[in-house]
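**Student:** One structure is given below, represented as structure tokens, and several questions about it will come after.
What follows is calculated from the coordinates using simple rules that are stated; it is not laboratory data. Everything numeric in this text was worked out from a predicted model, so none of it was measured. Here the Cβ is made from the backbone with ideal geometry for all residues, glycine too, and neighbour counts use every protein chain on show.
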Amino acid sequence: MDTHGPHKPRERLGEYDGIAEVAVLDGGPADGVRMRVMDRPSVVQVTYPCEPDGPTGGAEVGAFYVYRRDPRVRESPLRYGYDRASP
């Protein structure tokens, strides 16, 4: 286990040598969802499948939502806020 900051441990997961931390989504369609992120990405994308109303020729349809990391939060749980302006 590595440490980040003076008090909060961060966990190493699996074969990837990155750091996993708990993050919480604020606002939007995934408000309150908790997850683990690796290496503090600046953006998290949430996808919800959409049910097509007819043949798609094999295409999948999804609704995409963007959440941006709050840089003021330095300890776990990290916070990601819903970005209404992003596609």
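**Student:** Using DSSP to call loops (not H, G, I, E or B), can you name the chymotrypsin sites (Phe, Trp or Tyr not before Pro) in the range 14-86 whose Cβ has at most 16 other Cβ atoms within 10 angstrom?
**Tutor:** Those satisfying the criteria are TYR16.
**Student:** From the convex hull of the Cα coordinates of the range 47-87, what is the mean projected area in square nanometres?
**Tutor:** For the range 47-87, the mean projected area of the Cα convex hull comes to 4.3 nm².
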